[in-house]
Structure formats: structure tokens, C-alpha cells
Amino acid sequence: MRMCVLGGDGYCGWATALYLSRRGHEVAIIDNYLRRQWDFELGTQTLTPILPLNDRLRIWQEITGLSIELMVGDVTDYSFVSTAFADFQPDAVIHFAEQRAAPYSMIDQKHAVFTQVNNVVGTLNVLFAMREFCPECHLVKLGTMGEYGTPNIDIEEGYIRVEHNGRSDVLPYPKQPGSFYHLSKVHDSHNIMFACKIWELRATDLNQGVVYGTVTDETALDEGLINRFDYDDVFGTVLNRFCIQAACGHPLTVYGEGGQTRGFLDIRDTVRCIELACLNPANAGECRVFNQFTEQFSVLELAQMVQEASRKMGMEVEIDHLPSPRVEAQHHYYNAKHSKLIDLGLRPHYLGESLLDSLLNITVKYQDRVDISQFLPQVNWKSPRNRRTRLATVPAATASS
Ligand code: NAD
Ligand code: USQ
């Protein structure tokens, strides 16, 4: 298949582009390097030393003989996206190219507006460009489990049958997201659903849980292909952060009581899920929703697992309960369905001892690159003045949109 990976320089996108290329698909990456710019803005860097994208692609070609096309540009620029789709004629567009950190979107007004403009306008452009230049193509869009929030009933995969005043219907599952970032994904979902209905486009909205890990079979082929590993308080996801904190002997930063429960998955399952969705496309006019995670844990359970794995490696680490910087339920019911990708053939990697060991080993290996000032949360959901407000410059894309 001809697959266009939007956001292919990022964490999920890079691993996915390599995986799909090795599986024999024709792959093109679109990215505008915003993610690298946000590291400069926040004064942080990935734990792992990633190379410039051109170098990564050259190494990939040297090692495997496979080439991945690169188109550098901004998906909020319609003329760029439409030309890219018209030229490449993708069978599948895999859309990762968004601002994906909840704390970044909660820094202040500028960052909230930037996040929603970047994400919502980018996705709208993708939909319009598909309609105009590749209407048969299948959109595989990364959504998030956080769109649902934590309702006191089971979470279905996208839609729910509702009985009301003696009548019944299947309706989009109610959304109660917890940040302006998560809200941007809800807005995207509505726009995608509407576009499929009116233009007969085909789409799969993948409501992905929190991803962990960094190594895939492809990135392990050469040090120059290494993936990013974010651990700062804005872009670092919780398990990656706990592993680095453990490697540095820093107490694990559980926000509040730690009863917050989320769906999680290994980056190796992310890439497989994407391929499964592409190989089994939605029908024309259909907007499918899959919940993409393999296991659920509370934040405290994760911290205890990391603590135990560290102990076995001879590292003693404490668990701290910090006042939560977010507004989220700390004790709640959570039972989210996630069978559709399993039905398509996903064989999950579960978070076991060996995986935690390998995560901890990576963090120990690159420990000298760690900046421990990135461990404590610096963005508060309630504060009108977060520390980073003074540091932040808003990326140029907001102005151009
Ligand atoms: P990332 O920030 O590492 O990568 C996103 C990439 O998109 C970056 O390379 C960035 O430069 C690019 N990008 C952003 N805006 C762009 C624009 N306007 N034009 C062109 N390129 C642009 O993020 P990630 O962790 O790889 O996440 C990818 C997607 O998966 C996001 O949509 C995110 O919401 C979703 N997701 C991620 C996770 C996770 O745990 N990482 C979990 C669930 C869902
Ligand atoms: N948390 C801690 N301590 C930390 C960091 C986080 O207790 O040091 C807690 C948070 O309060 C939250 C949970 O861990 O309850 C998850 O936080 P996170 O930062 O790992 O993940 P989140 O903000 O939800 O966002 C990440 C990705 C985002 C994706 C989302 C999937 O950055 O792109 O959409 O996971 S989901 O959580 O299912 O919405």
C-alpha cells in the first residue's frame, strides 16, 4: 500500500514509518519539525540522542535498501497538504501530526489556542485534501482514550446504544475530556465523522491509550535509528517518566493519590495496530472507532511495578504523592472495551518484568543526558500563570493559520 505518515518524525510516527516500510509498503513522511522546536521552547530534550530526520532516513536506506520519501511542511497549510496528497496518491493517510501534550495545552491562552488551531485545522485540511485529491483513500487518525474521560459506566468503542423515553438509537459515546489538548481530539472526531457522512470518505479513529517504550525491531537495527524518549513534565508520559526517575534515584512523581486509571500500550503494539487498521480499511462513508490499548493500570500500580523492578536491579526508589497539578478524578470506575483490534489479529505485548527491565536499562544507559529539573510538574490546570508562560514563545504555525 502507499502510506503517508503525517508526523513521521515524532515518537509514534517514526516507529510506524519504519515498521510499515519494512513490511513492504511505500511510505512517505510529512512533518514540519515542530516537535523538535517544542523541545527548544521548553528547554528540554529527549533522553535518547535522535538524529536529524534526513540522517535517520539515509541510515534506514543504507541498512535496509528501503527508501522513505520525505515531504517537509505544515499540515495547517492547505496548499502544502493538498499538493502532497495529489503527488503521492496515498491508499492510507496515517495522521499523527498534532500537538499531543495535555500540559502544553494548559500552559496559558496562547498554548491552548495553538493546540486547537494546529490540531483541528490540520485535520480539517487532511479531510478536504482527501476529498479533493484521493477520495478513495483511508484516513487512520490518532485520537485518544482521554476523549471519553472517566464516566461511571463501561466505555464502548466509539458508539453506544441509548434508550431514551421509549426510543433507542446508536449514538457517539459521550465525551468528557480533561484538557484543551484532549478536547482538540474530540473536535477532530466530530469533524471526521461529519466528513465521512457527507463526502463518503472512509476513516478509522484510533482512540489510543498512553504509549510506553522506545525500542521496536526496526529502531533497534542501528543506534542512528533510535526513537525519542520524552520524560519532561510536559511531553513525558507517565511510565517513561517513572523509569527515568527510578534510574536517577528520584522519588516517583505520582500526582495525588494515584488512583487515576488509564489504558496503556507498548509502542510495538502501536505500530502493529496501525498496520491492521490500514490493511482492513473502513467502508466508504464509514467512520469506525477502535480503542487502542492493551492493559489498564492505575498510576499508583505503575509506580509500584517500577519500584519493584528497580529493587530487583539493585535500585531503591521511593514513591512520592505530589499535589495533583491536574483536575482529574483520582478514584473512579474504569472499564473500557478494546476488542476490535484484537479481533483483527493484534497479539499484545504485555507490561511484564522483562519489558520493565529493558525500559530501565535504556534509562540507565542515557542517564548522563537527564535533566532532573524536568521531573516535577510545572504546569497547573488551575493556575492562570504557569511558570513556563514567561519562557514560552508560541510556534509560528499559529500565526500562519
Ligand atoms: P510527537 O509529538 O512525538 O509527534 C508528533 C509529530 O507531528 C512531530 O514530529 C511534530 O513535528 C509533527 N507535527 C505536529 N504538528 C504538525 C503540523 N502542523 N504539521 C506537520 N507536522 C506536525 O507525538 P506522538 O507521541 O508521536 O503522538 C502522535 C499522535 O498520537 C498524536 O496525535 C497523539 O495525540 C496521539 N497519541 C499519542 C500517545 C502517546 O502516548 N504518545 C497516546 C495516544 C495518542
Ligand atoms: N501522571 C502522574 N505523574 C506523572 C505524570 C503523569 O501521576 O509524573 C498521571 C497524570 O496525572 C495522568 C496519568 O498519569 O492521570 C497519565 O498522564 P500522562 O502524562 O502519561 O498522559 P496524558 O496526559 O493522558 O497524555 C498521554 C499522551 C497523549 C495521549 C494520552 C492518552 O501525551 O498524547 O492522548 O496519553 S490517554 O491518557 O488515554 O488520553
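With more than 15 Å from ligand 2 (Cβ to nearest atom), within 26 Å of Cys278 (Cβ to Cβ) and at pLDDT 95 or above as the only criterion, which of Leu51, Leu66, Leu34 stands out?
Numbers: Leu51 fails: within 26 Å of Cys278 (Cβ to Cβ); Leu34 fails: more than 15 Å from ligand 2 (Cβ to nearest atom).
Unique residue meeting the criteria: Leu66.
If you go through region 76-121 and keep only what is in contact with a His (Cβ under 9 Å, 6 or more places away or on another chain) and within 10 Å of ligand 1 (Cβ to nearest atom), you end up with Gln99, Ala102, Tyr104, Asn119. Taking Phe133, is it aromatic (Phe, Trp, Tyr), open to solvent by 20 Å² or more (accessible area, probe 1.4 Å) and farther than 13 Å from Glu98 by Cβ? Yes: the conditions hold for Phe133.
Here Val210 meets the list (1) β-branched (Val, Ile, Thr); (2) open to solvent by less than 20 Å² (accessible area, probe 1.4 Å); (3) within 15 Å of ligand 2 (Cβ to nearest atom) almost entirely, failing just condition (2).
Looking for something more than 30 Å from Glu316 (Cα to Cα) and in a loop (DSSP other than H, G, I, E, B) - is there at least one such residue anywhere in region 220-243?
We begin by selecting, within region 220-243, every residue more than 30 Å from Glu316 (Cα to Cα); these are 221-222, 224-225.
When the remaining residues are screened for being in a loop (DSSP other than H, G, I, E, B), the result is 222.
Yes, that holds for at least one residue.
Condition test on Tyr11, is it among the hydroxyl-bearing types (Ser, Thr, Tyr), open to solvent by less than 10 Å² (accessible area, probe 1.4 Å) and within 16 Å of ligand 2 (Cβ to nearest atom)?
Working: among the hydroxyl-bearing types (Ser, Thr, Tyr): yes; open to solvent by less than 10 Å² (accessible area, probe 1.4 Å): no; within 16 Å of ligand 2 (Cβ to nearest atom): yes.
Taking the combined requirement at face value, the residue does not satisfy it.
If the requirement is being open to solvent by less than 20 Å² (accessible area, probe 1.4 Å) and more than 18 Å from the chain's Cα centre (by Cα), which of these qualifies: Ser82, Ser67? The conditions single out Ser82. Elements of the type strands (runs of 3 or more DSSP E) sitting completely within region 271-351 and holding at least 3 residues that are at negative phi, open to solvent by less than 20 Å² (accessible area, probe 1.4 Å) and touching a Ser or Thr at 6+ places or on another chain (Cβ under 9 Å): these cover 287-292. In region 89-120, which residues are farther than 20 Å from Val379 by Cα and surrounded by fewer than 19 Cβ atoms within 10 Å (Cβ to Cβ)? Listed by number, the residues that qualify are Gln89, Asp91, Val117.
Matching residues to (1) in contact (Cβ under 8 Å) with a residue 12 or more places away in the chain; (2) charged (D, E, K, R); (3) within 16 Å of ligand 1 (Cβ to nearest atom); (4) surrounded by 22 or more Cβ atoms within 10 Å (Cβ to Cβ):
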{"residue": "Thr204", "(1), (2), (3), (4)": "yes, no, yes, yes"}
{"residue": "Asp217", "(1), (2), (3), (4)": "yes, yes, no, no"}
{"residue": "Gly224", "(1), (2), (3), (4)": "yes, no, no, no"}
{"residue": "Asp233", "(1), (2), (3), (4)": "yes, yes, yes, no"}
{"residue": "Gly236", "(1), (2), (3), (4)": "yes, no, yes, yes"}
{"residue": "Ile244", "(1), (2), (3), (4)": "yes, no, yes, yes"}
{"residue": "Gly249", "(1), (2), (3), (4)": "yes, no, no, no"}
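Screening the candidates Asp188, Asp169 for the property of being of a type in the set (D, E, K, R), within 13 Å of ligand 1 (Cβ to nearest atom), at pLDDT 95 or above and farther than 20 Å from Tyr334 by Cβ yields one hit, Asp188. Of all residues in region 251-270, those that are closer than 16 Å to Gly146 by Cβ have Cβ atoms under 6 Å from Cβ atoms of residues that are more than 10 Å from ligand 2 (Cβ to nearest atom) and among the β-branched types (Val, Ile, Thr), 6 or more apart or on another chain, in Leu265/Thr294. In this entry, Gly259 passes the filter for residues that are within 11 Å of ligand 2 (Cβ to nearest atom), farther than 30 Å from Ala282 by Cβ and open to solvent by 10 Å² or more (accessible area, probe 1.4 Å).
Specify the residue that is farthest from Leu6 (Cα to Cα); the eligible residues are those in region 21-41 that are more than 10 Å from ligand 1 (Cβ to nearest atom) and open to solvent by less than 10 Å² (accessible area, probe 1.4 Å). Among those that are more than 10 Å from ligand 1 (Cβ to nearest atom) and open to solvent by less than 10 Å² (accessible area, probe 1.4 Å), it is Ser21.
The values are calculated or read from the model by the stated rules, or taken from the named source; none is laboratory data. Please read these numbers as outputs of a predicted model, since none were measured by experiment. So basically every Cβ, Gly included, is an ideal-geometry build from the backbone, and we count neighbours across all protein chains shown. To get the accessible areas, we keep the full protein, side chains included, count just its heavy atoms, and leave off ligands, DNA and RNA. Shrake-Rupley method; radii C 1.70, N 1.55, O 1.52, S 1.80 Å.
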